[in-house]
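The next block holds one structure in the form of structure tokens; read it before the comments.
What follows is calculated from the coordinates using simple rules that are stated; it is not laboratory data. Because the structure is a prediction, the values reported are computed rather than measured. Glycine also receives a Cβ, built like all others from the backbone with ideal geometry; neighbour counts cover every protein chain displayed.
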Amino acid sequence: MKPTVLITGANRGVGLALAEHYSNAGYRVIGTCRQPSDDLTRVADQVIESIDVTQPDDIDRLVESLDGTTLDVLINNAGLLRDESLGSVDFDSIREQMEINAYAPLRVVEALLPNLVTGSKIANITSRMGSIADNDSGGRYGYRASKAALNAFGKSLAMDLKPHGIVVAQLHPGFVQTRMVNFGGLISPQEAALGIAARIEALTLDNSGGFWHSNGEALPW
């Protein structure tokens with residue numbers, strides 16, 4: 001039986017590249033998204049569309065769709081990047097980023113605990129912008145805070161799930177050429193996906209809870 005991977009926000013960018021990678025690696029790929037793309041439909045074994053990971057009713061529908069499905073890998077990839085500058089801080093924007101980037105991955109893991117078993121792996125796609133020690137430029141209040149919160153959630157998940165043999169990683173994909181950054185990144189989504197998959201493959205109970213760049217560099221909290 002093929003192992004199964006679930007990827008949120010899988011219709012484009014890094015999520016789609018991850019879906020393509022795992023499909024080529026022989027996994028059964030399940031992708032969630034708000035709006036499906038032809039590329040995701042082509043590559044995924046199952047697409048669960050109209051899923052807003054911030055909405056409890058949508059998460060309930062996701063749970064129903066996955067009833068009885070064991071997830072070998074769960075990748076919380078869905079995310080949102082906005083910009084706020086001091087003096088014109090948009091608190092609604094910050095709240096929205098917290099909901100999508102931090103609360104939603106925790107909500108997804110909580111809801112899908114019955115689908116996780118000993119040996120399952122959870123990857124939270126975070127950002128080095130969530131590192132407090134690495135912040136030397138300021139700004140991006142909502143994005144930085146939401147990714148820092150995600151890192152904290154991920155670390156707690158690693159501790160709580162370790163007795164069950166389930167491991168967790170916080171993974172920064174790199175500066176990737178996606179719509180989120182107007183395609184101005186340094187690496188392709190495919191390169192990022194390859195690195196993320198390698199970090200997931202190397203994840204064990206001994207290193208669970210870590211915060212890494214997709215290139216393998218351990219990042220400061």
At 0.36 nm per residue, minus the direct Cα-Cα distance, what do Lys2 and His213 gain on full extension? Give it in nm, one decimal, please. 73.2 nm
Indicate the helices, whole DSSP H runs only, in the chain that combine a mean Kyte-Doolittle hydropathy of -0.5 or more with a Cα extent along their long axis of 24 angstrom or more. 141-161
Could you compute the FRET efficiency for Thr204 and Arg82, with r as their C-beta to C-beta distance and R0 at 25 Å, rounded to 0.05? 0.10
Taking 8 Å as the Cα distance limit and 6 or more residues as the minimum spacing, I'd like the relative contact order of the chain as a percentage. 19 percent
Number of Lys-Lys pairs in the chain under 18 Å by Cα, sequence gap 8 or more or different chains? 4
Hey, if you drop one equal point scatterer on each alpha-carbon of the range 66-159 and run the Debye formula without solvent, what base-10 log of I(q)/I(0) do you get at q = 0.15, 0.17, 0.20, 0.22 Å⁻¹? -0.60, -0.73, -0.92, -1.05
For the range 26-62 and the range 126-181, what is the centre-to-centre distance using only Cα atoms, to the nearest Å? 22 Å
Classify the range 1-67 from the C-alpha gyration tensor, please: rounded if a/c falls under 1.5, else prolate or oblate depending on whether a/b exceeds b/c. oblate
Any idea how far apart Asp160 and Thr54 come out in nm if each label point goes 7 Å out from Cα toward Cβ? 2.2 nm
For the chain, whose charge dipole is built from +1 on Lys and Arg Cβ atoms and -1 on Asp and Glu Cβ atoms, the candidate among Ser50, Asn77, Ser120 with its Cα farthest towards the positive end is Ser120
Set the Förster distance to 22 Å, then compute FRET efficiency between Ser93 and Asp39 from the Cβ-Cβ distance, nearest 0.05. 0.15
Kirkwood Rh and Cα Rg combined as Rg over Rh, evaluated for the chain: 0.94
